[in-house]
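Encoded as structure tokens, the structure appears first; notes follow it.
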Amino acid sequence: MLKKINNFLAGLPMTIVAGAFLLLDLVPHLIEEFGGAPVSLFFLPFDPAWVTIVISGIPLLYLAIWRIIHNPGISKISSALLICIAMFAAIAIGDLFAAGEVVFIMAIGALLEEATTNRAKKGLKKLISLAPTMGRRLKDGKEEMIPAEEIRQGDILRILPGETIPVDGTIINGETSVDQSIMTGESLPVDKGVGEEVFCGTINRFGSIDISATKVGENSSLQKLIRMVQDAENKQAPMQRIADRVASWLVPVALLIAILAYVFTGNIVTAVTVLVVFCPCALVLATPTAIMAAIGQATKHGVIIKSGEALEKMGKVDTIAFDKTGTLTYGRLDVSDMISFDETISEIELLSLAASAESKSEHPLGKAIVAYAKAKEVPLVESTTFRMTTGKGIFAEVDNRSLLCGNEKFLIENGVSIDDTIQSALERLRTQGKASILIADNQKSIGVIALSDVLRPEAKDMVSRLSDMQTRTVLLTGDNQKTADYFAEQVGISEVRAELLPEEKVMNIEKLQEEKHKVCMIGDGVNDAPALKTADVSVAMGSMGSDIAVDAADVALMSDDISKIPYLKRLSNATVKTIKVSITLSMCINLVAIILSLMEVLTPTTGALLHNIGSCFVVLIAALLYDRKFD
């Protein structure tokens, strides 16, 4: 009940009421302070400042007492305690305006901080929803659908095309292509055969397979992924106010100066004035106001920053780790090379033959070739015969040609010779991280079509600009080493760590952190969620990235424009610098106000006004971030 009352009083509506009554009390105080006749608010039977003290003071008192009871050691002493002491001292000498002013400024600071630190945490629920609920078990020659939690190690399961694999297992029968993007982020489905591993949560794209369950329930890859996100989430510490970090010495110093002021001057008003001007209100306002302004500016540029803590940390980041697929690349397959081995066949004719042969194929590579040919308006011919060998290739008769399309092994098995020229072309394409489809006509290889993920054109310039800011870049990807090396070379990233599962990405980030680096992780897939949560700061591709990655991250790029990363870094650097400048100014203002208080130039009321002007000045400096140019 007490907490509900406290939350109600600390909310925006009641804080507005508190501000209105404090403003009502300000006018007569100003008139009297500067020599005018006393003004009476005859329509109120009490001093309006009492309303402000009650509304804004009770939550502050609650916070101070709670910290004294629950915080360990020296952290029991907080800025809230100092302001409560100043509030009671001002009340004791009858200066209610000064008492109301210090608690009201703190209430504003609390609202600003709350506005910058609210974060959406829906990603874990969505990740859990990906876990398969049912599996098809083979028992005594019959198929039965059972709940995933009833699957035991050693059970034989059948996975049909389009189904999600319910547990980790080893293929014992059949061949297929598996979409492993949830686990590795790989843009290309991976062909799988007998003896190869498949993972829980991945999707069987083509071909029926039987697997023997190896890791079930909480031991499966997807459940480990979920646990890693949970663990990383729990490690995130809430933003701690700078004022609270210095309160351990601020409170004793303020009390000592106030006591000495009273001892040497014999004037209790001077002592109270010292307490009022010593309150760290400007200090408390500096951080949240600067962060709110920066978050507002970033939003205008399509960069959604979820918390002030993330913005502060981004300003201290010295290492940025990138996922590849969907981050540095678009995450979609496209034809990159068409090489004819027959001088009589042009590249367009080669594409036409391959697309015509693959037109009935369900394999992702075949479908990508057909889509590319249609986009280029290349004429296709209906095949009269079509056969697919799962995981290897297809045979089709097109325009009286007997065509084979598939991998090197498939063509050799069908009597097609692969000479050194073809081997050299295939090796070069493999080095570039490309998937190749060989085309043979009547037992002769006539060409190869290569497919690749598409690099974002702005990626290279983005990495170069980060390098100019002395920011280290690292590539962390589930793709194979050759693919990773090729794309890293294209964008200018020298540090490459490839063939990583989600837990290995986490381990790499933790290793960087152990080396005292502040790490930002940028990714887009479900497999990136644990790494995003583990990094000091995380950025997700918002429009095409998975909902889980977006929710796991601290920052989302809504337009998927990675050229915004240098902008985000500059904005964060400027925010941290502004906060430091604001804190320094606020401390200087407090120092001047203390000296003036000791000289008895200031009273609690004028001290509170100067204190308020200093707070407004700090807010103004921070707010200017909103309109600064960082492009």
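The values are calculated or read from the model by the stated rules, or taken from the named source; none is laboratory data. Just so we're clear, the structure is a prediction, and the values are computed from it rather than from any experiment. Cβ: placed from backbone, ideal geometry, glycine included. Neighbour counts: every protein chain shown. The protein model used for the area step is the full one, side chains on, heavy atoms only, and it has no ligands, DNA or RNA in it. Shrake-Rupley method; radii C 1.70, N 1.55, O 1.52, S 1.80 Å.
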Query raised in the report: If we only count helices (runs of 4 or more DSSP H) wholly inside region 535-631, which ones have 2 or more residues that are touching a Gly at 6+ places or on another chain (Cβ under 7 Å), at pLDDT below 75 and within 23 Å of K505 (Cα to Cα)?
Result: 547-552
Query raised in the report: Looking at region 495-514, is at least one residue in contact with a strand residue (DSSP E or B) (Cβ under 9 Å, 6 or more places away or on another chain), under 30 Å from E343 (Cβ atoms), surrounded by fewer than 22 Cβ atoms within 10 Å (Cβ to Cβ) and not basic (K, R)?
Result: no
Query raised in the report: Any idea which of (1) among the hydroxyl-bearing types (S, T, Y); (2) open to solvent by 10 Å² or more (accessible area, probe 1.4 Å); (3) in contact (Cβ under 8 Å) with a residue 60 or more places away in the chain is the one T319 doesn't satisfy?
Result: (2)
Requested in this report: Please indicate, with yes or no, whether at least one residue in region 460-467 is among the charged types (D, E, K, R), over 30 Å from K516 (Cα atoms) and either in contact (Cβ under 8 Å) with a residue 24 or more places away in the chain or out of contact with any Gly (no Cβ under 8 Å at 6 or more places or on another chain) (or both).
Outcome: no
Report task. Examine region 435-445 for a residue that is touching a strand residue (DSSP E or B) at 6+ places or on another chain (Cβ under 7 Å), more than 30 Å from G326 (Cβ to Cβ), at pLDDT below 90 and open to solvent by 40 Å² or more (accessible area, probe 1.4 Å), and state whether such a residue exists. Result -> yes
Requested in this report: Kindly indicate whether any position in region 91-114 is modelled with pLDDT under 80 and out of contact with any helix residue (DSSP H, G or I) (no Cβ under 9 Å at 6 or more places or on another chain).
Outcome: no
Query raised in the report: Does any residue of region 346-355 turn out to be at pLDDT below 90, out of contact with any helix residue (DSSP H, G or I) (no Cβ under 8 Å at 6 or more places or on another chain) and surrounded by fewer than 21 Cβ atoms within 10 Å (Cβ to Cβ)?
Result: no
Report summary line: The number of residues in region 474-483 that are within 22 Å of D318 (Cα to Cα) and either over 21 Å from the mean Cα position of the chain (by Cα) or in a loop (DSSP other than H, G, I, E, B) (or both) is 1
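Select, from K460, K516, K444, K434, the only residue that is within 25 Å of K316 (Cβ to Cβ) and basic (K, R).
Within the list K460, K516, K444, K434, the selection yields K516.
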Query raised in the report: Which members of region 271-307 meet the condition of being touching a Ser or Thr at 6+ places or on another chain (Cβ under 6 Å), in a helix (DSSP H, G or I) and surrounded by fewer than 22 Cβ atoms within 10 Å (Cβ to Cβ)?
Result: M292
Requested in this report: Could you tell me whether any residue of region 453-460 is out of contact with any His (no Cβ under 7 Å at 6 or more places or on another chain), more than 27 Å from N480 (Cα to Cα) and modelled with pLDDT of 90 or more?
Outcome: no
Report summary line: Selection over region 156-172 where residues are more than 13 Å from R136 (Cα to Cα), aliphatic (A, V, I, L, M) and open to solvent by 10 Å² or more (accessible area, probe 1.4 Å) yields a count of 1
Query raised in the report: List pairs: first in region 498-513 and closer than 15 Å to Q223 by Cα, second of a type in the set (D, E) and crowded, with 22+ Cβ neighbours inside 10 Å, Cβ under 9 Å, 6+ apart or cross-chain?
Result: P502/D528
Report summary line: Of S177, S187, S208, S181, the only residue that is open to solvent by 30 Å² or more (accessible area, probe 1.4 Å), under 22 Å from T390 (Cβ atoms), of a type in the set (G, A, S) and modelled with pLDDT of 85 or more is S208
Query raised in the report: Any idea which of V537, V506 is of a type outside the set (D, E, K, R) and farther than 26 Å from C200 by Cα?
Result: V537
Query raised in the report: Going through region 412-431 one residue at a time, which ones are surrounded by 15 or more Cβ atoms within 10 Å (Cβ to Cβ), free of Cβ contacts under 8 Å to residues at least 40 places away in the same chain, out of contact with any Asp or Glu (no Cβ under 8 Å at 6 or more places or on another chain) and among the aliphatic types (A, V, I, L, M)?
Result: V416
